[in-house]
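> I'd like to ask some things about the structure below.
Since every read-out is calculated from the coordinates, none of them should be taken as a lab result. Since this is a predicted model, take the numbers as computed values, not measurements. Virtual Cβ from ideal backbone geometry, glycine too; neighbours counted across all protein chains shown.
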Amino acid sequence: MRRPTFLSLTMLITAATVLVAQSADNPAAKPLNRDNPRHQQFLKIVAKGDAEVIFLGDSITQGWEGAGKAIWAEHFAPPEDGTLEKTIMPDLLHLSPAGYEIWAKAIKDDVIKLLK
């Protein structure tokens, strides 16, 4: 007798969870307006064929476009043959200690300014 009650309760909780996730009040379920100036800028770069990869992200990612561009080119950009040095990103996803050292040196001055 307890089994059907448990199953019914489980189904009810699952249905409620799905409904809440789909709710218009749930920020995770709200569609974002992608028609903004930043997105339009990326579309122009892609249309011209000026990028093989575009990083969409936060202010750190955006920093690679300006002051971080030379550091990216010197230490992180894949070689012309498309490979990535195992000494920087051994699993092609996470930085190695050497990669973090390069990154730390690259952001050190900015971090010091922010902490003042």
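> Mind checking the stretch 23-100 for trypsin sites (Lys or Arg not before Pro) that DSSP puts in a loop (not H, G, I, E or B) and that have at most 16 other Cβ atoms within 10 Å?
Here the trypsin sites (Lys or Arg not before Pro) that fit, given the DSSP loop and packing criteria, are ARG34, LYS86.
> I would also like to ask the following. Below 18 Å, Cα to Cα, which lysines can LYS108 reach? Residues fewer than 8 away in the same chain don't count.
In chain and number order, the partners are LYS69, LYS116.
> Let me know the shape class of the stretch 64-115, please: from the alpha-carbon gyration tensor, a ≥ b ≥ c as square roots of the eigenvalues, rounded when a/c is under 1.5, otherwise prolate if a/b is greater than b/c, or oblate.
On the way: a/c = 3.18, a/b = 1.61, b/c = 1.98.
It comes out oblate by the Cα gyration axes.
> Provide the FRET efficiency to the nearest 0.05 for the LYS69-ASP25 pair, computing r from the beta carbons and using R0 = 35 Å.
0.30
> Give me HIS75, HIS39 ranked fewest to most by other Cβ atoms within 10 Å of their Cβ, as a rough exposure proxy.
HIS39, HIS75
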